[in-house]
Every structure is written in C-alpha cells, then in structure tokens.
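Novice: Quick one: this structure, given as structure tokens, is what I'll be asking you about.
The values are calculated or read from the model by the stated rules, or taken from the named source; none is laboratory data. In this text, all values refer to a predicted model and were calculated from it rather than measured experimentally. Using ideal geometry, Cβ is built from the backbone for each residue, glycine included, and neighbour counts are taken over all protein chains shown. Keep in mind that these areas ignore ligands, DNA and RNA; they rest on the heavy atoms of the full protein, side chains included. Shrake-Rupley method; radii C 1.70, N 1.55, O 1.52, S 1.80 Å.
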Amino acid sequence: MGHLSLHELDFPADIWESFAADRPAVHCSAGYLIYLQDTDATCFYYLKSGRVKSYIQAEDGAQRVLNIYEQGALFGEASFFDELPRVSSAVALTSCQIVPIDRELVTAEIRRNPNLAMLMLKYLARTVRVLSTQVDEMAFLPAEQRIARHLLSLSRKPDGTITCTQDEIAACVSVSRITVSRTLNEFAQKGWLKTGYRSVVLSDTAPLENLCNQGK
C-alpha cells in the first residue's frame, strides 16, 4: 500500500466530484464542528476545499487523531453506511467547503455510475486498512518511525511541502510535541527535510522510507 493518504491511493483525483456537481457546498470556518462522536450519521461528506480532522475523544477529554482529510476526500462515510452512531468527531482545521451526501444523492449517483459502488467499497476497505496500520504502529513502532511514516502518508506539493503543525503530527502518532520537535530537528540535521511555519518540506524521502522499513 505504501505511504499514501487515503485520497491519494489509486483512485482518479476527481472520482468523487460528481457528488458535488449539483449540490451547493456548505462553508465552514476553522474550528467548526462538522459532526460529533456518538451522534446519528444521516450523511457523509465530500471535502471540496480545506482540511478536516477526524478524532476520537475519551471520557476524560483526551483526543486521538484518526485522520486529516484534504481537498477531494470523503469523510464520515463508515457510520453512514453501517447505520450506527458515529465513532469519531470531525472538525474543520481551516476554512472549508463541504458537500453533505445523503442517501438520496448517493443512490442517484450510483444509479448513474454503477462502478462508483465498487470504488466506494474499495475506499471503505482502504480506510479499514489504514486504521489497522495505525493501530499496529502505535503498538510496536518507535516514535521516530511513527513520525517518518506519518510524514510520508501526508499529501505534499510538487516541491515536497506538507502543510501541518507539530501539534497535529503529535496528535496523529500519539507522542508529545517535544518528541516531534526533537525528531524533526534530527531529520533536518541529516538533510532529510526542512521545517517551516506550519509546514515541513521533505528534501529526501529515501532515508525516511528506509527508516520506515527497518525491522521488517
């Protein structure tokens, strides 16, 4: 599967755009809570622009980030399809445009394009695979490998720039921000990446890949 984010796997870049073709997008400001854990899932969402975080919150208030979605992604679909309460919450990290997808819309699109159903099943299966991989990593991998894997999984621009904060990385891999800062500085000293304001630029991915494959 490699180190790819869900929406970058072998799906066409515009595969979900048909969901947004005839529906107006909803504008969400940064910090807007899109849906809440344990609530009913009456729809899922197409992310037309912006970034969204999904997370699980424990009774003591502690959070565990599950994924950070970027433009072109679907999110909130698992609970929608199994018709059980949501297992996570989702919040806008930036100003976003999202398109709610209800049963009427998804049924109509699948009638128009039956192949979309198989792609949706594939997307759901990949979601399970990514989450399973995260569980394994949290249980067995040292912090530097977790951080390297996470960086390689994130969407990046042609110049290698990844938009993320150290707090976001820490939440996604279940380590402290201090550990993330120390590890990124070590990677930077080796010439693997450069750190910037709310960003990381991957200069050389081969050493990060090699680090991820250690112990296999």
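Novice: Build a GNM of the chain with springs between Cα atoms under 10 Å: which of Asn185, Asn67, Asn113 gets the top mean-square fluctuation?
Specialist: In this elastic network of the chain, the residue with the biggest mean-square fluctuation among Asn185, Asn67, Asn113 is Asn113.
Novice: To continue, here is another question. Rolling a 1.4 angstrom probe over the protein heavy atoms, how many square angstrom per residue are accessible across the chain? Intermediate results must be reported in sequence, preceding the final value.
Specialist: Details: 11270 Å² over 216 residues.
With the other protein chains kept in place, the chain gives 52 Å² per residue.
Novice: When all protein chains stay in place, what accessible area (Å², nearest 10, 1.4 Å probe) is found for Val87?
Specialist: 100
Novice: Check which residues have an amide H placed less than 5 Å from Thr161's amide H, if you skip close sequence neighbours.
Specialist: Leu202
Novice: Given 0.36 nm per residue, what is the gain on full extension from Tyr197 to Gln57 after removing their alpha carbon distance, in nm?
Specialist: Details: separation 140, 0.36 × 140 = 50.40 nm, distance 2.73 nm.
So the chain would gain 47.7 nm between Tyr197 and Gln57.
Novice: Please pull out the direction-averaged projected area of the chain, using the convex hull of its alpha-carbon atoms, in nm² to one decimal place.
Specialist: Values: hull surface 49.5 nm².
Result: a mean projected hull area of 12.4 nm².
Novice: May I pose another question? Using a 1.4 angstrom probe on the protein heavy atoms only, could you order Thr42, Thr107, Thr165 from most to least accessible area? The partial results should precede the final answer.
Specialist: Values: Thr42 105, Thr107 60, Thr165 25 Å².
I get Thr42, Thr107, Thr165, largest accessible area first.
Novice: In addition: What distance in nm separates the simple spin-label points at Thr39 and Ser181, each placed 7 Å from Cα in the Cβ direction?
Specialist: In this crude spin-label approximation the distance works out to 3.5 nm.
Novice: Each residue of segment 23-34 in order: what ³J(HN,Hα) in whole Hz does its phi give by Karplus 6.51 cos²θ - 1.76 cosθ + 1.60, θ = phi - 60°, with x for Gly and Pro?
Specialist: 10, x, 7, 9, 8, 10, 6, 4, x, 6, 7, 7
Novice: Looking at the square roots a ≥ b ≥ c of the eigenvalues of the Cα gyration tensor of segment 35-85, which shape do they give, rounded for a/c under 1.5, prolate if a/b is larger than b/c, or oblate?
Specialist: Values: a/c = 2.65, a/b = 1.19, b/c = 2.24.
Oblate.
Novice: Would you tell me the accessible area of Asp60, worked out with a 1.4 angstrom probe on the heavy atoms of the protein chains, in Å² to the nearest 10?
Specialist: Surface accessible to solvent at Asp60 totals approximately 130 Å².
Novice: Quick check: at a probe of 1.4 Å, how many percent of the accessible area of the chain sits on carbon and sulfur atoms? Don't skip to the answer; put the middle values down first.
Specialist: Working: 5810 of 11270 Å².
Carbon-and-sulfur percentage of accessible area, whole number: 52.
Novice: A further question follows. So what are the ³J(HN,Hα) numbers for segment 183-199, from phi and the Karplus equation (6.51, -1.76, 1.60; θ = phi - 60°), rounded to whole Hz, Gly and Pro as x?
Specialist: 5, 4, 5, 5, 5, 5, 4, 7, x, 7, 7, 10, 9, x, 6, 6, 7
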